[in-house]
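Visitor: Pasting a structure here, questions to come.
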Amino acid sequence: MSEFLRVAWLVVRKDLRVESRSREMLFTTLFFAVSCVLVFSFGFVRGGQAVEGAAAGILWITIAFSGTLALGRAFERERYHDALRGLLLAPVDRPAIYVGKLLGLLLLLAVVEAVVVVMVAFLFRAPLFQHSGLLLALLALGTVGFASVGTLFSAMLVRTKSRAVLLPVMLYPVTIPVLIMGVSGTAALIQPEPDLVMARLWISLLLFFDAVFLTLALWTFEPVMTE
Amino acid sequence: MNRRLFPLLTAVSLLLFVTAPIIIVRAPYESTMGLVQKIFYFHFPAWMAMFLSIFVLGIASVIYLFGRKPTADRLAVAAAELATIFGLMGLVTGPLWGVKAWGVWWQWDARLTMAVILELILVAYLLLRQYGGAGADRLAAGLGIFAMANVPFLYISTEIWRTVHPRTSVVPTLPIDFGLPLWWSFTGFIVLCLALLSARSRLEEQRSTLERLYQALEED
Amino acid sequence: MAVALAVYCAAFAWAPTTLLAAQPPEAAQDGFVPMDEIPADEQLPAAPLLVAAYSAVWAITIGYLWTIWRRLGTVERELADITRRVADRGQS
């Protein structure tokens, strides 16, 4: 088990190190997320008043879009110089590579979400920080659910020609439950009388979803990546 | 197996389909929804056939991904196409019933939403197989497993979300007058599903034979 | 396969006819069954919806069977062709 975690950590460290040199993924994803929220605010804020209840949906849609953008390039670096084959040939548990990639992506999305939440709360006057503990749980579990499926699909498609368009095509339908749960939970938190019971229910459903799909992803990563 | 089974299954499903209208017509009028409720006898079995196909898809995908049996892959493709077809039937008959019974063509309640999502996943599967290039069979197997895993969330969600959809649990309590045409159509659909599965798998089998022969020709 | 299709088409033509013929008298009068207090002329007629639903199911089934039949035909033709070529190659 510790070997597994050590390998995962090595992958994360590698990605962080490469990223820290150019910070390309961080800046581009962050910029995209910010533009996304701004575009939504132009669309949904009329006469200084935000459309009722739009904030929850906009928050999660922005996370989904930025996440997809980041996922599309998660394995991009490994495509060159046969780095992927090198990674797969390493005498380690393959799922550990998956976990490493997932953790790296989660770190990136955590930074992006921190910015997006603040922006959405400000631009749409949504009381997102009223129950910040529950919101944090929703965001964390939702992002894990989305990213766990996305990392697997991104890895699956790394050698496919039409991967840029096939990734969203495959990813969105499978992760719509996550988005629905996230949006409903967030909406329950920011509505005029927050429904904390419902929010907690969605959180536990998200936890269930994450458990199921993370397990599935770990289980299928190896056979799917083998040639 | 396919050669003998397909005519038999076709004959049985045909028999069931042809006699279904008689039985449906003789079913008593449902008090609140009247004539249009009879769409239920095709609508519900179509969805059940779709679920059956999705489970076949999921299990075949698991077998193919971990066991590498080519028959499993062929069955998975067949099941995915069938699930899309039966889902389409459900999505067409549903609004036709709903516009009369509920007054609206569509509503984003949990059951309907998840039905559309499942249909999207299946279309994504078919797109992946078509445009995924070499190795798409294994990728699609991965997606097929995820598709099947999403189904329980559909059933759970109807219990939690407020919904106008009839509850699943109403089916076992149907009186026998309603029950008979329902189970008759249900059997017809399931048998049709099996017949089509075998026909479609056979098509895949022929295609792979063709592939092998082409490759043999290339090598000479 | 062609026989199966032909028989399905015949059944398809027969089924809605049976359904329409078996409507209750009041439906034959004004074309629908009133469900609640909404005035009759503001409701949608149910019978066309029912027929449309059944027709859609049949049409989709037959359509799908037809696509299978067509693809099977193409593959079998190509198979016959390539078997012949392999045989020719074997002889030469």
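The values are calculated or read from the model by the stated rules, or taken from the named source; none is laboratory data. Please read these numbers as outputs of a predicted model, since none were measured by experiment. With ideal geometry, Cβ positions are generated from the backbone for all residues, glycine too; neighbour counts draw on all protein chains shown.
Visitor: I'm trying to understand the selection: among the residues of segment A:171-188, which are surrounded by fewer than 23 Cβ atoms within 10 Å (Cβ to Cβ), at the interface with chain B (Cβ under 8 Å from one of its Cβ atoms) and within 18 Å of A:Ala217 (Cβ to Cβ)?
Guide: A:Tyr172, A:Ile176, A:Pro177
Visitor: Next question, about the same structure. Of the numbered conditions (1) closer than 18 Å to B:Gly142 by Cβ; (2) more than 7 Å from chain B (Cβ to nearest Cβ), A:Val144 fails exactly one; give the number of that condition.
Guide: In the conditions (1) closer than 18 Å to B:Gly142 by Cβ; (2) more than 7 Å from chain B (Cβ to nearest Cβ), A:Val144 misses (1) alone.
Visitor: Mind listing just one residue for me: the one in segment C:50-64 that is small (Gly, Ala, Ser) and facing chain B (nearest Cβ under 7 Å) and, of those, surrounded by the most Cβ atoms within 10 Å (Cβ to Cβ)?
Guide: So, considering only residues that are small (Gly, Ala, Ser) and facing chain B (nearest Cβ under 7 Å), the one surrounded by the most Cβ atoms within 10 Å (Cβ to Cβ) is C:Ala53.
Visitor: Something else about it: Pull up segment A:23-80, narrow it to residues that are acidic (Asp, Glu) and within 18 Å of A:Leu167 (Cβ to Cβ), then point me to the one that is farthest from the chain's Cα centre (by Cα).
Guide: Applying the filter and picking the extreme gives A:Glu78.
Visitor: Something else about it: Just checking, which of A:Arg77, A:Arg46 is closer than 21 Å to A:Val224 by Cα and modelled with pLDDT under 90?
Guide: From the options A:Arg77, A:Arg46, the qualifying one is A:Arg77.
Visitor: Something else about it: Here is a check on your reading of the model: is B:Gly90 over 25 Å from A:Thr160 (Cβ atoms), more than 10 Å from chain A (Cβ to nearest Cβ), modelled with pLDDT of 90 or more and part of a helix (DSSP H, G or I)?
Guide: Working: over 25 Å from A:Thr160 (Cβ atoms): yes; more than 10 Å from chain A (Cβ to nearest Cβ): yes; modelled with pLDDT of 90 or more: yes; part of a helix (DSSP H, G or I): yes.
Judged against the criteria, B:Gly90 is a match.
Visitor: Would you check if A:Pro194 is farther than 21 Å from A:Ala33 by Cα and either of a type outside the set (D, E, K, R) or more than 17 Å from the chain's Cα centre (by Cα) (or both)?
Guide: yes
Visitor: Something else about it: Being more than 23 Å from B:Leu118 (Cβ to Cβ), more than 14 Å from chain B (Cβ to nearest Cβ) and either among the hydrophobic types (A, V, I, L, M, F, W, C) or part of a helix (DSSP H, G or I) (or both): is that true of A:Ala121 here? Explain how you work it out, then say what you get.
Guide: Values: more than 23 Å from B:Leu118 (Cβ to Cβ): yes; more than 14 Å from chain B (Cβ to nearest Cβ): yes; either among the hydrophobic types (A, V, I, L, M, F, W, C) or part of a helix (DSSP H, G or I) (or both): yes.
Yes.
Visitor: Here's a follow-up. What number of residues within segment A:127-170 satisfy the criterion of being in contact (Cβ under 8 Å) with a residue 24 or more places away in the chain and crowded, with 19+ Cβ neighbours inside 10 Å?
Guide: 24
Visitor: Residue pairs, Cβ under 9 Å, 6 or more apart or interchain, first in segment C:75-92 and under 17 Å from B:Leu203 (Cα atoms), second hydroxyl-bearing (Ser, Thr, Tyr). List them.
Guide: C:Val75/B:Thr209; C:Glu78/B:Tyr214; C:Leu79/B:Thr209; C:Ile82/B:Tyr214
Visitor: Continuing with this model, one more query. Only residues that are surrounded by fewer than 20 Cβ atoms within 10 Å (Cβ to Cβ), out of contact with any Pro (no Cβ under 7 Å at 6 or more places or on another chain) and modelled with pLDDT of 80 or more: list them for segment B:108-128, please.
Guide: B:Ala115, B:Val116, B:Glu119, B:Val123, B:Leu126, B:Leu127
Visitor: For segment A:149-165: of the residues being assigned to a helix (DSSP H, G or I) and over 21 Å from A:Leu88 (Cβ atoms), which is modelled with the highest pLDDT?
Guide: So the residue we want is A:Val165.
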